[in-house]
Amino acid sequence: MNIKNAWVSVRNEAARLKPIHLRELFATDADRFNKLSFSCDDLTIDISREKLDTQALGTLLDLARTCDVEAKRDALFSGQEWNNTENRAVLHMALRGGAEAPEADDVAATRNRFLAYAERVRNGGKFDDVINIGIGGSDLGPAMATRALAPDHDGPRLHFVSNVDGAHLTDTLKHLDAARTLVIVASKTFTTLETMTNALSAREWLGIHTPTNMAAVSTNITGCAKFGIPEERVFGFWDWVGGRYSIWSAIGLPLAIAIGAERFAAFLDGAAAMDRHFRETPLGRNLPVLLALTGIWRRNAMELPTAAMIPYDQRLERFAAYVQQLDMESNGKQTDRNGKPVNLATAPVIWGEPGTNAQHSFFQLIHQGTDIVPVDFIVAAEPREKMGDHHAILLANCLAQSQALAFGKTETEVCAGMSADGRPQGEIDRLAPHRTFPGDRPSTTILYRKLDPYSLGRLVALFEHKVFVQGIIWNINSFDQWGVELGKQLASSLIPMLKGKDRTDAMDASTAGLIDRIQKLRDSR
Ligand code: F6P
């Protein structure tokens, strides 16, 4: 089968299934959950509430085979230069033992060095607070994971400063003592404007403590030295580790300081277990592949432009932000690997907040809005700590939402309910349309025993591999990010003017008008 025909089969399946309500799909197949839920140890992915069935899934698996997912996965793990616009291998899996590292000794030595340093910071008694200054992949991973693993956090307090808005650093420094604060500058390139601006201000704040209270994580070792950070506190990584895939490297230093080397190792082990699963499991039971194909189905067959990520776990409150970078910076592309326009829709817009909070803000639209928004529910069977009925209530809400989305509530059911409550007929007629839920709205539930370092590592690796598989199917390079460059260049040229220097002529009318307005507002004080 060629790729074109594989897509035709997928689209034919979508045309067959679109008119069939999820209620009917469940009613006509008592075994639907068993057929469409898949597990690896305690991790289960339930796609039975997606608008597909085993026949449709079969065509998606054929598509994956036709796109050579298995061979390309093996090529990735073997260290081929998969990132073809930057001529780099993609081997972040090697940092957690999931693939062979190109510089294995150096990788092991660096890991030992940064974990030993993390232990010294934890146990040395010198630091009460640690600030990580970084942005994008140098911030979101450690910030998300440190928050997620709060129960394991027994090191100094952690703070994350990413935004160049001075408010971020100001608010963070407000209650800290420079003598007892460690500042980590995390930047793969050590040139990112936001990070370097924050690092300079933090260095000024540290003053005489700078020589002992600053560390850096970067591939730009010379840049770190020039900045004045002593070699023994600079931790490197390699160009084969993409920024948004770097949590497994020394970029994870703040997390290691928070939870300690042993738990950090469990975090790596969880990810390595997912690497093994991804490499060894047949496509039809392979969780990252199935998650990827579900996403392809939503995006390219059902033509849904966004997806909501709703962890029913307060400690995963930064998970949607993390997956936004992972997914949208990797697969938000319009050009294929060969430089040709992609003729398919690529990454959806990912957005979300934890449940149950989300239920009380935007779930109205997800249930009754005019757009269909597929949802990923993420939830643990057990809480980290017991507190009355909280977790049972949380779980009940999570399951109730996917149930309501799939099955809805018909007008007949609404009328019967209102009538049983003794409501007058006039009120029933007036309110029934508003109280009706269409249902037939797709969701996937990702369930595991407990959110701990191991299961978090596994969850993150699951999404990494999902993104990779989708990149193969869309034939795009998931590992570059040229789309962030233009804004950076333009900002650099605008900075002098916003600092009061003369305006250059070559400027569009809107930018010029806004700069004039900014200047007038500043002058009129
Ligand atoms: O601007 C995008 C980006 O390059 C991300 O890919 C990256 O994670 C982030 O900036 C930070 O880059 P660095 O770690 O080099 O400071």
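The values are calculated or read from the model by the stated rules, or taken from the named source; none is laboratory data. Computed from a predicted structure; not experimentally measured. FYI the Cβ positions are ideal-geometry reconstructions off the backbone, even for glycines, and counts take in every protein chain you see. The protein model used for the area step is the full one, side chains on, heavy atoms only, and it has no ligands, DNA or RNA in it. Shrake-Rupley method; radii C 1.70, N 1.55, O 1.52, S 1.80 Å.
Numbers for the structure displayed
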{"read-out": "Mean Cβ count within 10 Å, highest first, over the residues of peptides 188-201, 76-89", "value": "188-201, 76-89"}
{"read-out": "P(r) weight above 11 Å for the stretch 45-90, C-alpha pairs, percent", "value": "72"}
{"read-out": "The chain: calculated mean residue ellipticity at 222 nm from DSSP helix runs of at least 4, using -39500 (n - 2.57)", "value": "-14500 deg cm²/dmol"}
{"read-out": "Global geometry of the stretch 426-525, whether rounded, prolate or oblate, following the gyration tensor of its Cα atoms and the 1.5 cut on a/c", "value": "oblate"}
{"read-out": "Largest-first ordering by accessible area, 1.4 Å probe, given options Ile221, Ile229", "value": "Ile221, Ile229"}
{"read-out": "Val107 accessible area, assembled protein chains, probe 1.4 Å, Å²", "value": "10"}
{"read-out": "Prolate/oblate/rounded label for the chain (Cα gyration tensor, a/c 1.5)", "value": "prolate"}
{"read-out": "Candidate residues Glu411, Glu485: accessible-area rank, largest first, probe 1.4 Å", "value": "Glu411, Glu485"}
{"read-out": "Contact order normalised by residue count of the stretch 371-525, Cα under 8 Å, 6+ apart, percent", "value": "27"}
{"read-out": "Reachable lysines from Lys340, criterion Cα separation under 17 angstrom, eight or more residues apart if same chain", "value": "Lys4"}
{"read-out": "At R0 = 30 Å, FRET efficiency that the Cβ-Cβ distance of Leu200 and Arg525 yields, to 0.05", "value": "0.70"}
{"read-out": "Amide H contacts under 5 Å for Asn132, placed H, 5+ residues apart", "value": "His159, Phe160, Val161, Ile184"}
{"read-out": "Aspartates and glutamates whose Cα lies under 14 Å from that of Lys499, excluding same-chain neighbours fewer than 8 positions away", "value": "Asp516, Asp523"}
{"read-out": "In Å², nearest 10: area of Met328 left accessible to a 1.4 Å probe", "value": "70"}
{"read-out": "Global geometry of the stretch 261-371, whether rounded, prolate or oblate, following the gyration tensor of its Cα atoms and the 1.5 cut on a/c", "value": "oblate"}
{"read-out": "Using θ = phi - 60° and Karplus 6.51 cos²θ - 1.76 cosθ + 1.60, couplings along the stretch 16-31 (whole Hz; Gly, Pro as x)", "value": "5, 8, 3, x, 8, 5, 4, 4, 6, 4, 6, 5, 8, 9, 5, 9"}
{"read-out": "Mean separation of Cα contacts under 8 Å, 6 or more apart, over the residue count of the stretch 92-266: relative contact order %", "value": "33"}
{"read-out": "Heavy-atom accessible surface of the chain: percent carbon and sulfur, 1.4 Å", "value": "51"}
{"read-out": "Gained length - Gln364 relative to Lys35, 0.36 nm times residue gap less alpha-carbon distance", "value": "115.4 nm"}
{"read-out": "With DNA, RNA and ligands ignored, accessible area of Glu100 (1.4 Å probe; Å², nearest 10)", "value": "150"}
{"read-out": "Approximate spin-label separation Met1-Asp336, in nm, with each point projected 7 Å along Cα-to-Cβ", "value": "1.8"}
{"read-out": "Accessible surface, the chain, averaged per residue in Å² (probe 1.4 Å)", "value": "44"}
{"read-out": "27 Å Cα-Cα threshold exceeded, pairs from Lys226/Lys333; Lys188/Lys501; Lys126/Lys226; Lys386/Lys466; Lys188/Lys450", "value": "Lys226/Lys333; Lys188/Lys501; Lys386/Lys466; Lys188/Lys450"}
{"read-out": "Packing-based order for 177-186, 260-269, using average beta carbon neighbours within 10 Å, highest first", "value": "177-186, 260-269"}
{"read-out": "Residues of type aspartates and glutamates that Lys18 reaches as a straight line, Cα spacing below 18 Å, ignoring anything fewer than 8 places off in the same chain", "value": "Asp29, Glu50, Asp53, Glu303, Asp371, Asp440"}
{"read-out": "Rel. contact order, % - alpha carbon contacts under 8 angstrom, at least six apart, the chain", "value": "19"}
